[in-house]
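Below: one structure, written as structure tokens.
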Amino acid sequence: MTLLLALILVPLVGAVVVGLLRGTDRAAKLTALAFSLAELVIAAAAWGGYDPAGPRMQLTSSVEWIPAFGIELSFGVDGIALVMIAVIALLMPLVLGFSWGERLPRGRTHGGFFSLLLVEQALTVAVFAATDVFVFYVLFEIMLIPMYFLIGGYGGPRRRYAAVKFFLYSFLGGLIMLASALGAYAYAVEVTGQGTFDWATLTRVLGQAPTSVQVWIFLGFFLAFAIKAPLVPFHTWLPDATEQAPIGVVVIVVGVLDKVGTFGFLRYSLPLTPEASQLLAPLVLVLAVIGVLYGSLQAYGQTDLKRFLAYVSIAHFGFMALGIFAFSTQAMVGAASYMVNHSIATGMLVLVVGLIIARGGSTRIADYGGMSGVTPLLGGMLLVAGLSTLSLPGTNSFVSEFLVLIGSFPTRPVYTILATVGMILAAVYVLWLYQRVMQGPVSGDALVGAAKGPGATADPNTLSRPGGRHAVIGDLGPRELGVLAPLVVLVIGLGIYPEPMLDVITPSVEATMSEVGVTDPVAPQGGN
Amino acid sequence: MTTSFLAAEPVRAAAGVLQSNAWVLIALPLLGAAVLLLVGRRGNAWGHVLGCATVLAAFGYGLALFASALGDPHPVRDLYLFSWIPVNALQVDFGLRLDPLSLVFVLLITGVGSLIHIYSIGYMAHDQQGRTGGANTERRRFFGYLNLFVAAMLVLVLGNGFVTLYLGWEGVGLASYLLIGFWQRRRTAGAAATKAFVMNRIGDVGLALAIFLLFAKLGTTQYTEVFARADELSSGVLLAITLLLLLGACGKSGQVPLQAWLPDAMEGPTPVSALIHAATMVTAGVYLIARANPLYTLSEGGQLAVTIVGAVTLLVGCVIGCAYDDIKKVLAYSTVSQIGYMILAVGLGPAGYALGIMHLLTHGFFKAGLFLGAGSVMHGMNDEVDMRRYGGLYRYMPITFVTFALGYLALIGFPFLSGYYSKDAIIEAAFGQGSWQGWVFGGAAALGAGLTAFYMTRLVLMTFFGPRRWENLTTADGEKYHPHESPAVMTVPMILLAVGSVGAGAFFTFGERLVGYLTPALGELEEGHAGVLPHVLIPVLTVGLSALGALAAWLFVGRRRVEVARPQRVSPVVRAARADLYGNAINRALVVRPTDGLARGLVTVDSRGVDGAVDGLAGFLGAASHGLRRWQSGFVRSYALSMFTGGVLLVAAMLAVGMP
């Protein structure tokens, strides 16, 4: 069994064990955490065993599934899939740690919650690892099921609506993708007389297909991925999902699930339909730039903390799409590393916002003010997450945003210049949020209200004595610090020394570039 | 014109123990910042000592580095540290450029930085603003941010490529943001901090685009390769790059049209104003243009734009400075104006690069000294900043008065003090341009000298002389003013800066010491053409205009009584100057309001329009009658239904393609 199969099976087994466990809630939580940590260790081992200079797909395995249609349960990873799988493995223990004390709706247990999260992890790993187009499609749809329950079962008051909307959107997108996959299959049959869903074979065959065929296939895949990695105007399920889902689930949605869309562009859209990808790139680029600007302005205008998170992500997905469809190695590496760095930075931002909401009990931004004076550590964490979100140099996100923009500029200067306006807007929406929530005198119903607990006075200044008798709102506890600390280390570590990650991603991107048949506008220099 | 003089001054690899370990310069304050911000309350007792020690140690290292390089026949060195962002053709290295230009900045940053760190021990000792955990926690945090600033500023000047420069560039922006908003309980502090960061970001985008353009055209962003191959760039590209870099410089250095954040930045504690918003960070724009001199020298259009920005800004700063009563804001606009001089100088090309740097250094001394003096006055006056509530203070704070007066004289260009040499040289070079440019830029610079003398004399007279207007007044908290001299930990740095204010100009000028030292990095100083005015006349003109300005100030505020209440019936010019020449109003009308409106509109559209359409579509697709409700009623049934639908589609598709 390859490490990759272990990465799929371990969380699955963990989910079953946690689900069947008939003990205390605590036992279930600890078991889930143990499995997620084991997964992290295996992911590290997989990373260690991956050879960036090696074959296109590594850690491969294959089992026949439906031989009549040439469908095989085949898995393997390239550098891009590998880093995404590593990021899921990293986020899951943190999400579990965060959700440890989450107040769940009546009748729900942490055992069930954590079990579903582990199922989701197994399915997302599998989706990134699939090397058979049909298997990818099936997993793409199946991974909606645990997520539907996670949002619909454990979320806020309008969780049913949000869950259905999420499901409908993705599912319909998936169906259209299925049509495209079948078209690809049919074309393979016509040309080679042999039906297959094997990714490598389809890439070879379809690469020669006439543009008109490619365009139809491209569009089907594109719609599914544009919904998943929400590009404006296919994005409206995300704000509802983030608003209603529990914070831990939001991390998985924006950190991992959405990346299946950008990953799909890189792994499926580009290599399967290279000519159509280039032909229709302007369409995607327009949506990408609109996404950057539209998402940023929306984030700036939001009054709700959780919806704010959704629009921040929408803006960032615009950058990723720009990087993918600008067709240069730098931009594409930027986009792929953006997928990882966005998971870390936005994941952290979501968690910090979750900690704020846990303290104030409200998601309205106006209910907060001057929190830094009461909870300086939490304030510092919001700042770190925010600075990474606005891509300050020295943080991880800068590396990817810089690569996307510098790589897009030679091929697509106009789109790039428009996207740089997003850099300014990012500073505006991040710092405006920080200013309202953290700076100024202590104010806002959530904070002052919390201070008016039994035995407390109405004077907001009593809030400011950490550990004081009246302090109702406390700063970060050890568990919360433990959840955020690894993310802080990664934000700075990958900002200063991104080379190990770039080295894993770059060869896969170069392979994708040659599958598309494009070369870099800026050629490497001879030795200087 | 000689273009690529850098070919004559090849870049060599760093050699020797001192140079190969030059990263220590950055590591020291960075480590200090990390310890101070992470150690928690345990560090309250010694935090300020550590904060000063790291910067002093960096200064010591800088001095050693400087001294060891003095006899070096190849003073331009590059130290490769590690590969930062390597992707295929793009190879961004993290490394240091050790040359005369970066070394004088290292000495300025760590030297003046050390003095201001020491001063802050006294200034921040009784910080009232932050109530959390007492004053010492606040002071430790303050030193942590200050150390972070020094580290970032050193990255900015020492980096050996445009991307490392950008790292430091936004890093100092972060430190500035944190320190402007340091007193976070004040609403105005947070707002000023955000404003500073966002306006800087606008400039940063210019810098970023210049970097993108360099990569697109040359395939590299490292100084060595870019400058060696600058002549491959077409004139259009050069113009674009130089203008974009200028945009970056405008943001960081508070130049028109991105000047409005700098006066608001005075919300930060006064040592911050002295170090970041006077002596070092705001001069980064001058550094950028001087550093990119091989590009500017090739682009006349770029140079012209720089000089225009400098000339306009120096006048705008002067005019607004004349109208304010807030001592720190007057000094802030004075900084805007003086940086205008520097920008004007580096815009003159080979005739001015070194002069801009010289004024930057002397300004570093006297403006830091003036700000520390202002801080000392505020320290003794219950944090009062309104000069109308000062008066006759020279008796109560004699050391502050003397050091401040020396800084003042240096700034207005009193003969043989620092500013006299450095500002006069710029005015001379501006007149030396010949034709209309000589008249316009030289005239603006000379006029600015007169205005500078006016507002600075006004400031000194209102603060230190005249009747003691504070005697019958109380502070906002109802307390009486008890002006007193500051402790030695504050006055000693002021004295040392005053020494620099007096002697630095002569020291640099004597035997062309500084200009000669900088030549390997900035090229030979080009003598001006036959200027529009004879050389001997210019000092006379400048000193004369300054004397006139000082006299006018004496007529306005020295001889007449100063009202405590601000006169309301004033001329339109004064009203405009008090409103910052409508800089903020223009920003609000052209940028802030439209953005706000757009965001509000889009939020409405997104929830009603886009989403409404989508919900409608979903309803339509969901079912003809009550389909959607059934989706919501039970998931499993719906899932079964959709899987069934999917299956049917699948089979239908298979049949359609005739398989098997």
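Taken together, the values in this text are just the output of simple stated rules run on the coordinates, not laboratory data. Keep in mind it's a predicted model, so treat the numbers as computed, not measured. Here the Cβ positions follow ideal geometry from the backbone for every residue, glycine too, while neighbour counts run over all protein chains shown.
Annotations for the structure displayed:
- Cα centroid separation - the stretch A:87-124 against the stretch B:202-237, whole Å: 48
- Segment B:L38-B:T475, extension gain: residue separation times 0.36 nm, minus the distance between their alpha carbons: 153.6 nm
- Within the straight-line cut-off of under 16 Å between alpha carbons, the aspartates and glutamates reachable from B:K328 are B:D264, B:E267, B:D383, B:E384, B:D386, B:D580, sequence neighbours fewer than 8 places apart in one chain being disregarded.
- For the stretch A:1-64 versus the stretch A:278-347, the inter-centroid distance based on Cα atoms is 29 Å.
- Helix-only [θ]222 nm of chain A, DSSP H runs n ≥ 4, -39500 (n - 2.57) each, per residue, nearest 500: -23000 deg cm²/dmol
- Across peptide A:391-398, the mean count of Cβ atoms from other chains lying within 10 Å of each residue's own Cβ comes to 5.
- Average partner coverage of A:296-308, which counts Cβ from other chains inside 10 Å: 3
- Its relative contact order, with pairs defined as Cα atoms under 8 Å and 6+ residues apart, puts chain B at 12 percent.
- Once exposed loop trypsin sites (Lys or Arg not before Pro) are cut out (DSSP; at most 11 other Cβ, 10 Å), longest piece of chain B: B:1-558
- Where a label projected 7 Å from the Cα of B:R566 along Cα→Cβ would reach, residues of the stretch B:262-283 with amide N under 12 Å: none
- Linear extension gain, B:V489 paired with B:L548, 0.36 nm per residue minus alpha-carbon span: 17.5 nm
- Each of B:I343, B:I586 was scored by other Cβ atoms within 10 Å of its Cβ. Arranged with the fewest first, they read B:I586, B:I343.
- Computed from Cα atoms, the angle from the helix A:133-142 axis to the main principal axis of chain A rounds to 20 degrees.
- In the protein assembly as shown, the DSSP beta bridges split such that about 90 percent are antiparallel, to the nearest 5.
- With a Förster radius of 51 Å applied to the C-beta separation of B:E527 and B:D596, the computed FRET efficiency comes to 0.45.
- For the stretch A:288-518, the relative contact order comes to 27 percent (Cα pairs under 8 Å, sequence separation of at least 6).
- Compared with the alpha-carbon gap, the fully stretched path from A:T519 to A:V63 is longer by 160.6 nm at 0.36 nm per residue.
- By the count of neighbouring beta-carbon atoms within 10 Å, fewest first, B:L243, A:L82 end up ordered B:L243, A:L82.
- Average other protein chain Cβ within 10 Å of Cβ, residues B:599-607: 6
- Relative contact order of the stretch B:1-128: 28 percent, from C-alpha pairs under 8 Å at least 6 residues apart in sequence.
- Radius 13 Å from Cβ of A:S277, net charge of other residues (Lys, Arg +1; Asp, Glu -1): -1
- Among the listed pairs A:K306/B:K252; A:K228/B:K217; B:K252/B:K329; A:K29/A:K165, a Cα-Cα separation exceeding 27 Å is found for A:K306/B:K252; A:K228/B:K217; A:K29/A:K165.
- Reducing the stretch B:267-346 and the stretch B:152-166 to their Cα centroids gives an inter-centroid distance of 20 Å.
- The angle between the Cα long axis of helix A:3-20 and the longest principal axis of the Cα atoms of chain A comes to about 40 degrees, rounded to the nearest 10.
- A Förster distance of 60 Å, applied to the separation of the beta-carbon atoms of B:R513 and B:V605, puts the FRET efficiency at 0.40.
- Of the residues A:I145, B:I109, A:I505, the one with the fewest other Cβ atoms within 10 Å heads the list, and the complete ranking is A:I145, A:I505, B:I109.
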